[in-house]
1. Quickly run through segment 76-98 and pick out the residues that are among the basic types (Lys, Arg) and under 18 Å from the mean Cα position of the chain (by Cα).
2. Scan segment 13-29 residue by residue and report those that are closer than 23 Å to VAL69 by Cα and either surrounded by 18 or more Cβ atoms within 10 Å (Cβ to Cβ) or of a type in the set (Asp, Glu) (or both).
3. Out of the residues in segment 124-168 that are part of a loop (DSSP other than H, G, I, E, B) and open to solvent by 10 Å² or more (accessible area, probe 1.4 Å), state the one that is nearest to MET36 (Cα to Cα).
4. Name the single residue, out of those in segment 156-198 being among the small types (Gly, Ala, Ser) and farther than 23 Å from ARG263 by Cβ, that is nearest to the chain's Cα centre (by Cα).
5. Among the listed residues ILE135, ILE115, identify the single one that is under 21 Å from GLY155 (Cβ atoms) and in contact with a Pro (Cβ under 9 Å, 6 or more places away or on another chain).
6. Return yes when PHE15 is at pLDDT 95 or above, aromatic (Phe, Trp, Tyr) and either under 21 Å from the mean Cα position of the chain (by Cα) or in a helix (DSSP H, G or I) (or both) and no when it is not.
7. Could we say that PHE107 is in contact with a strand residue (DSSP E or B) (Cβ under 8 Å, 6 or more places away or on another chain), over 22 Å from ALA237 (Cβ atoms) and open to solvent by 50 Å² or more (accessible area, probe 1.4 Å) here?
8. Which condition breaks for LYS74 when tested against (1) touching a strand residue (DSSP E or B) at 6+ places or on another chain (Cβ under 8 Å); (2) open to solvent by 10 Å² or more (accessible area, probe 1.4 Å); (3) outside any loop (DSSP other than H, G, I, E, B)?
Amino acid sequence: MADEQTSKIESQTAFERVQLARHPERPYTLDFVERMFEDFSEIHGDRRFADDPAIVCGFARFHGMPILVVGHQKGRDTKQRQFRNFGMPKPEGYRKAIRAMKLADKFDRPIFSFIDTPGAYPGIDAEERGQAEAIAYNLREMTKLTVPVLVTVIGEGGSGGALAIGVGDQVLMLENAIYSVISPEGCAAILWKDSAQAARAAEELRLTAADLKKEGIVDDVIAEPEGGAQASHDEAARLLDVALCARLAESATHNVEERLSRRYQKLRQLGKWGTSDGNAN
């Protein structure tokens, strides 16, 4: 039975996994917070412009240890989706995230980051407030954090909007999550002038967890309940909890110099994909 299930999982196409990653009943960041962390206290605002509900941040406890949680948050119904801007952060969201991360660094609290976004919001108001600068600033500042940073792609990992809270010591992915520089629809529209070619683009992008693990982009692929994480939020959280416990214990064994070096090299390694010798340029 296990072999049959494994075969079924492996036979899924890349675009089928895209659809699972976008499933409206898939667990979001706050669903995992409810099941895995205690005493969650949310942090609001970037101290510059506003609060962005598309990113949630807060201090909590993980098996008794004080930690920080940062993650994208989508909505379940139309009202929530509009409030959360469909999980697409604006600059104030990324500035809130890095503000919270620096607080965690100051108080020596490990950081858990959960990625689930189609991408950063591309609207004119976000561009006016420095969307690109906010993302670039986060990339630089996250490489300097001295505490353990564990990143998990729990759904969609869309381009710089995902990477802006995705620089960590270790990067994990749920097995039906995706992580890519562009959506399959966007890629198909650019390459073939036809967004209906999204399934073909999904295969070419190699955006699945298995593909990214093979390329060394992610460190571990976490199993999901049969049928996908949307089938059982409790079981998905249990499986993720076990993986994060193990990875946090491993990260805690590294001193600050080792941690910063490994994190920087992991970020640099993203640029090696597709080079003939496998080395970053």
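The values are calculated or read from the model by the stated rules, or taken from the named source; none is laboratory data. Source: prediction; values computed, not measured. When we count neighbours, we look across all protein chains shown, and the Cβ atoms used for this are built from the backbone with ideal geometry, even at glycine. For the accessible areas, the whole protein counts, side chains as well, though only heavy atoms, and no ligand, DNA or RNA atoms are used. Shrake-Rupley method; radii C 1.70, N 1.55, O 1.52, S 1.80 Å.
1. Of all residues in segment 76-98, those among the basic types (Lys, Arg) come to 76, 79, 81, 84, 90, 95-96.
Matches in segment 76-98: ARG84, LYS90, ARG95, LYS96.
2. Here is the first cut: in segment 13-29, the ones closer than 23 Å to VAL69 by Cα are 21-29.
Those that are closer than 23 Å to VAL69 by Cα and either surrounded by 18 or more Cβ atoms within 10 Å (Cβ to Cβ) or of a type in the set (Asp, Glu) (or both): ALA21, GLU25, ARG26, PRO27, TYR28, THR29.
3. Here is the first cut: in segment 124-168, the ones part of a loop (DSSP other than H, G, I, E, B) are 129-130, 143-148, 164-168.
Still in the running and open to solvent by 10 Å² or more (accessible area, probe 1.4 Å): 129-130, 143-144, 146, 148.
On the way: ARG129: 34, GLY130: 34, THR143: 26, LYS144: 27, THR146: 24, PRO148: 18 Å.
So, considering only residues that are part of a loop (DSSP other than H, G, I, E, B) and open to solvent by 10 Å² or more (accessible area, probe 1.4 Å), the one nearest to MET36 (Cα to Cα) is PRO148.
4. First pass over segment 156-198, keeping only residues among the small types (Gly, Ala, Ser): 157-162, 164, 166, 168, 177, 180, 183, 186, 188-189, 195-196, 198.
After this cut, where a residue has to be farther than 23 Å from ARG263 by Cβ as well, the list is 183, 186, 188-189, 195-196, 198.
Numbers: SER183: 15, GLY186: 20, ALA188: 23, ALA189: 25, SER195: 25, ALA196: 26, ALA198: 22 Å.
So the residue we want is SER183.
5. Details: ILE115 fails: in contact with a Pro (Cβ under 9 Å, 6 or more places away or on another chain).
Result of the check over ILE135, ILE115: ILE135.
6. Numbers: at pLDDT 95 or above: no; aromatic (Phe, Trp, Tyr): yes; either under 21 Å from the mean Cα position of the chain (by Cα) or in a helix (DSSP H, G or I) (or both): yes.
Criteria not met by PHE15.
7. Working: in contact with a strand residue (DSSP E or B) (Cβ under 8 Å, 6 or more places away or on another chain): yes; over 22 Å from ALA237 (Cβ atoms): yes; open to solvent by 50 Å² or more (accessible area, probe 1.4 Å): yes.
Yes: the conditions hold for PHE107.
8. (3)
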